[in-house]
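Okay, structure first, notes after.
Read-outs: derived from the displayed coordinates by stated rules, not from any lab. Since we're looking at a predicted model, the values are computed, not measured. Here Cβ is always computed from backbone atoms with ideal geometry, including for glycine, and neighbour counts include all displayed protein chains.
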Amino acid sequence: MRCDVVKFLKVLSHPDRLRLTMELIRGEKCVGELAAIQGVSTSTVSQHLARMRDAGVVVGRRRAQKIFYQVANRCPAFELVERLAELFSANGAPRYSRTSV
């Protein structure tokens, strides 16, 4: 699936999805890990990931009973999100707290 830039930016306009995307830039994670990191329910994370997957922002890989997600590297905006992650974590800035985005 090819990433549509307008859909990509629309998906990232939601603070929780932006934080999830930035966390996934750091590496592949399952829903439970993302929920614990973000401090939200697994149901909420799953709903966000479904929208992100539909927009071509993330891809999932099933391993046993879990699906591991990562940012789709063929998405043209991958470098943009990677750069945002670098900027927000530079110089000891707080990592994507619920109030920082």
* **Inter-probe distance in nm under a simple model that places probes 7 Å from Cα toward Cβ, at Asn73 and Lys7** => 2.2 nm
* List the lysines whose Cα lies under 19 Å from the Cα of Lys66, skipping any in the same chain that are fewer than 8 positions away. => Lys29
* **3J(HN,Hα) from dihedral phi, region 57-70, Karplus parametrisation 6.51/-1.76/1.60, rounded to Hz, x for glycine, proline** => 7, 10, 10, x, 9, 7, 9, 6, 8, 10, 10, 9, 10, 8
* Structure fact -> Amide H contacts under 5 Å for Ile67, restricted to residues at least 5 apart in sequence or on another chain and with H modeled in the peptide plane, are Val31
* Asked: Say the dipole of region 5-88 comes from +1 at the beta carbon of Lys and Arg and -1 at that of Asp and Glu; which of Thr42, Ile25, Ala85 then lies farthest toward its positive end?
  -> Thr42
* Structure fact -> Contour minus Cα-Cα span, Leu87 to Arg51, at 0.36 nm per residue, comes to 10.5 nm
* Asked: So what does the Cα-only Debye profile of region 5-88 read at q = 0.13 Å⁻¹, as log10 I(q)/I(0), no solvent term?
  -> -0.34
* Per residue of region 22-36, in order, report the coupling 6.51 cos²θ - 1.76 cosθ + 1.60 (Karplus, θ = phi - 60°) as ³J(HN,Hα) in whole Hz, putting x for Gly and Pro. => 5, 5, 6, 4, 6, x, 5, 8, 8, 4, x, 5, 5, 4, 5
* Asked: So how far apart, in nm, are the two label points at Arg26 and Leu80 if each is 7 Å from Cα heading toward Cβ?
  -> 2.3 nm
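Please get the size of the charge dipole for region 5-88, origin at its Cα centre, with Cβ charges of +1 on Lys and Arg and -1 on Asp and Glu, quoted in debye to the nearest 20.
That gives region 5-88 a dipole magnitude of about 300 debye.
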* To do: Quick one: which residues, 5+ away or cross-chain, put their amide H under 5 Å from the amide H of Val58? H built at 1.01 Å from N.
  => Arg53, Ala72
